Amino acid sequence: MTARIIDGTDIAAGLSQAVADAVKHVTEDHRIEPGLAVVLVGDNPASEIYVRSKTAKTAAVNMRSLFYRLPVAVPEDELLEQIERLNQDATVHGILVQLPLPPQIDSRKVIEAIIPLKDVDGFHPLTAGLLSTGLPGIVPCTPLACIMLAKKVHGSLAGLEAVVIGRSNIVGKPLAQLLLMENATVTIAHSKTRDLPEVCRRGDIVFAAVGRAEMVRGDWIKPGATVIDVGINRVSAGQGKTKIVGDVAYTQVAEIAGAITPVPGGVGPMTIACLMLNTLKAACMQNGLPPPNVGA
Ligand code: GUN
């Protein structure tokens, strides 16, 4: 079997178009221009690339894009002051501080400094609490992207066995919550899981979010299962060059799976489109408007 490729770039383009149209309506009908502020500390090359994609996409969907670069040695309180200015600025609806942050800064403090209404990453503990209790709020971008991609294949996820590899606050845990809300049967596997390959083989859908290059092998996958690869790992491509691979050994898994997301071109572009959706949603929430009917 050769898996169907889930084209994240194409699906993200559709979602971005729907967001761009909805932004136009909000701007024309309510005179609200949704705005996203992105803060980058230092000059981590990977972060630079991600931030550039996010700011470019913000402008492409008709939203206001603000970008703040702070020096790598910036004291923590200066970053917190910058966040407070953005919290107070009514023209800014979403605030994203790119992670990782340099060691003098406590990421947790930074995440908690962003007011939950503007928390478009969905990393604030209050946002996580809303999600885990099934209350309406912002849903973290990468887990939301994973769910949307899985639903493109399966329609409903109800009753399916879903295996999530990874238990981070950013991906694994919120993804498991969303899968439960979709009525999937959920297993969260992690570094201490006994016989991980056997646990994975249970999955009708496997989500790989471990951050280890090509860890998930072909014989870990039930024939015909759907595989969603969240990993972004830079590895050597020989001759001093590098390439990006996922957490899944793509070539061998694609022989067994029924559907698979490529890396790049799978979850990555969809995550950015979900960030745009979250910013629009945040702008609506802050202005007493109903949530946009996009991406449901
Ligand atoms: N660094 C890598 N991914 C992300 C993300 O989704 N949000 C933020 N803020 N930083 C990141």
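Helices (runs of 4 or more DSSP H) fully within region 100-212 that include at least 1 residues being in contact (Cβ under 8 Å) with a residue 60 or more places away in the chain, open to solvent by less than 30 Å² (accessible area, probe 1.4 Å) and in contact with a Cys (Cβ under 7 Å, 6 or more places away or on another chain): 141-154. Scanning region 251-296 for residues being among the polar types (S, T, N, Q) and open to solvent by 40 Å² or more (accessible area, probe 1.4 Å) gives a total of 5. Scanning region 26-43 for residues that are more than 11 Å from residue 280 (Cα to Cα) and either buried (at least 21 other Cβ atoms within 10 Å of the Cβ) or at pLDDT 95 or above (or both) yields a count of 10. Which of the residues spanning region 82-99 are over 18 Å from the mean Cα position of the chain (by Cα) and either within 14 Å of the ligand (Cβ to nearest atom) or part of a helix (DSSP H, G or I) (or both)? Correct list: 82, 83, 84, 85, 86, 87, 88. Within region 38-57, does at least one residue satisfy the condition of being touching a Gly at 6+ places or on another chain (Cβ under 8 Å) and either more than 17 Å from residue 271 (Cα to Cα) or within 15 Å of the ligand (Cβ to nearest atom) (or both)? Scanning region 38-57, I find no residue that is touching a Gly at 6+ places or on another chain (Cβ under 8 Å) and either more than 17 Å from residue 271 (Cα to Cα) or within 15 Å of the ligand (Cβ to nearest atom) (or both), so the answer is no. Condition first: of a type in the set (Phe, Trp, Tyr) and part of a loop (DSSP other than H, G, I, E, B). Now tell me which residues in region 11-67 satisfy that. Result: no residue meets the conditions. Inclusion of residue 232 among residues that are in contact (Cβ under 8 Å) with a residue 24 or more places away in the chain, closer than 15 Å to residue 250 by Cβ and in contact with a Cys (Cβ under 7 Å, 6 or more places away or on another chain) is not warranted. Here residue 272 fulfils each of the conditions (1) touching a residue at least 40 places away in the same chain (Cβ under 8 Å); (2) in contact with a Gly (Cβ under 6 Å, 6 or more places away or on another chain); (3) not basic (Lys, Arg) apart from (2). The residues of region 213-236 that are outside any loop (DSSP other than H, G, I, E, B) and either farther than 26 Å from residue 141 by Cβ or open to solvent by 70 Å² or more (accessible area, probe 1.4 Å) (or both), listed by number, are 218, 219, 220, 234, 236. Residue 262 satisfies every condition listed in (1) part of a helix (DSSP H, G or I); (2) closer than 9 Å to residue 8 by Cβ except (1).
The values are calculated or read from the model by the stated rules, or taken from the named source; none is laboratory data. Treat the numbers as computed from the prediction; the structure is a model and nothing was measured. Reconstructed Cβ throughout: ideal geometry from the backbone, glycine too, with neighbour counts over all protein chains shown. Heavy atoms of the whole protein, side chains included, go into the accessibility calculation; ligands, DNA and RNA do not. Shrake-Rupley method; radii C 1.70, N 1.55, O 1.52, S 1.80 Å.
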